[in-house]
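For reference, the structure is listed below as structure tokens.
What follows draws every value from the coordinates through simple rules; no lab data is involved. Bear in mind that the values here come from a model prediction, so they are computed numbers and not experimental data. No Cβ is skipped: glycine too gets one built from the backbone with ideal geometry, and neighbour counts run over all protein chains shown.
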Amino acid sequence: MSAEQQSTAQPSPPSPPTSPSEQPPTAVPSGFPAGASVGREDHRGRLAAQANQNWWDSDAARYVSEHAHYLDGFYWCPEMLSEKDARLLGNAAGKRILEVGCGQAACSAWLANELAGTGATVVGFDISRGMLGYAPPSEAVLLQADAQALPFRDNAFDIAFSAFGALPFVPDVQAVMADIHRVLVPGGRWVFSVTHPMRWVFPDDPTALTASYSYFDTEYVETSESGEILYAEYHRTFGEWIRTIRDSGFELMNVLEPTWPNDLTETWGQWSPQRGALFPGTAIFCCQA
């Protein structure tokens, strides 16, 4: 999920992780050797990656603590749409599955446990070692890696997915999505959820219902007094997401805009029952290579 654009001050460093996955592997696992780098990680992308790695490393403890309920399973969004109910990944038994920007890997862990004994392989990666340190126990393979330079060979996976991971934090999302297409087999499924583009026009206050920002602004960047980037997030309009999907070689199969459940009273950052009753907070794109 996004960092919720909290403040311009860096968050306090977290306490050391206590998860069994405190030391996540950083090498590519057997069977998924790295191919040649696609070379798309430009200077702007590197600066954003370093800033967001530092941000999430230092914010991991707070994030996991405050969102424990949402991180107990595989939920696509703050509206609590679960993969158990939605089955957006289809029949994943025996498949090779990649989670892009897995955070503390709640989704990968749930999926690995759900598919145990079917021959499926679940691989999750994230840029933040701090977030990976809170991963729950599972058979999922976890890596520290940057979505702008995927360390996998062509056609390595049957399914790829992302639940609010990585895509909002890279300046060149089309390059990233084209690389995801590269590591999928022909006909492979790619499903990702992001903040609904219309949410960009509203302030972070979950009770605010008046648009305050331009829908056509493209980025939100926090910097220090010296100009160092502390946090970077990038906005795409709905049309831009669709064009990016198409231009990356995918076919768009479906788009979901989950409704806010009547019995869900919790607030997550800018997501709240007040807003959820009036307009969508999440867009989920279901694609095929």
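Some points to look at:
- Residues Leu132, Leu81, arranged from fewest to most other Cβ atoms within 10 angstrom of their Cβ, appear as Leu81, Leu132.
- Estimated 222 nm signal from helices in the chain, with DSSP H stretches of n ≥ 4 weighted -39500 (n - 2.57), rounded to 500: -6500 deg cm²/dmol
- Computed packing ranks the peptides 102-109, 173-180 as 102-109, 173-180, most packed first, by mean other Cβ atoms within 10 Å.
- Site pair Leu264 and Thr118 shows an inter-label distance of 2.3 nm when each label is modelled 7 Å from Cα along Cα→Cβ.
- Counted over the stretch 43-288, the DSSP beta bridges are approximately 50% antiparallel.
- What the Cβ-Cβ distance of Ala277 and Thr223 gives, at R0 = 41 Å and to the nearest 0.05, is a FRET efficiency of 0.70.
- What you get for the stretch 200-241, charging only the Cβ of Lys and Arg (+1) and of Asp and Glu (-1), is a dipole of about 220 debye around the Cα centre.
- Loop-located GluC sites (Glu not before Pro) in the stretch 201-289 (DSSP state not H, G, I, E or B) with no more than 14 neighbouring Cβ atoms inside 10 Å: Glu225, Glu228, Glu266.
- Take the Cβ atoms of Arg46 and Asp154, set R0 to 25 Å, and the FRET efficiency comes out at 0.55.
- Exposure proxy ranking, count of Cβ atoms within 10 Å, fewest first, for Ser193, Ser224: Ser224, Ser193
- Contact order normalised by residue count of the chain, Cα under 8 Å, 6+ apart, percent: 21
- Applying the criteria of a DSSP loop state and at most 10 other Cβ atoms within 10 Å to the GluC sites (Glu not before Pro) of the stretch 44-94 yields no site.
- Across the chain, the convex hull enclosing all Cα atoms gives 127 Å³ per residue.
- GNM remark for the chain: springs join alpha carbons under 10 Å apart, and the peak mean-square fluctuation among Ala60, Ala68, Ala163 falls on Ala68.
- Length released on extending from Ser212 to Asp85, taking residue separation times 0.36 nm less the Cα-Cα span: 42.2 nm
- Shape class for the stretch 51-167, computed from the alpha carbon gyration tensor (a ≥ b ≥ c): oblate, with a/c not under 1.5 and a/b at or below b/c.
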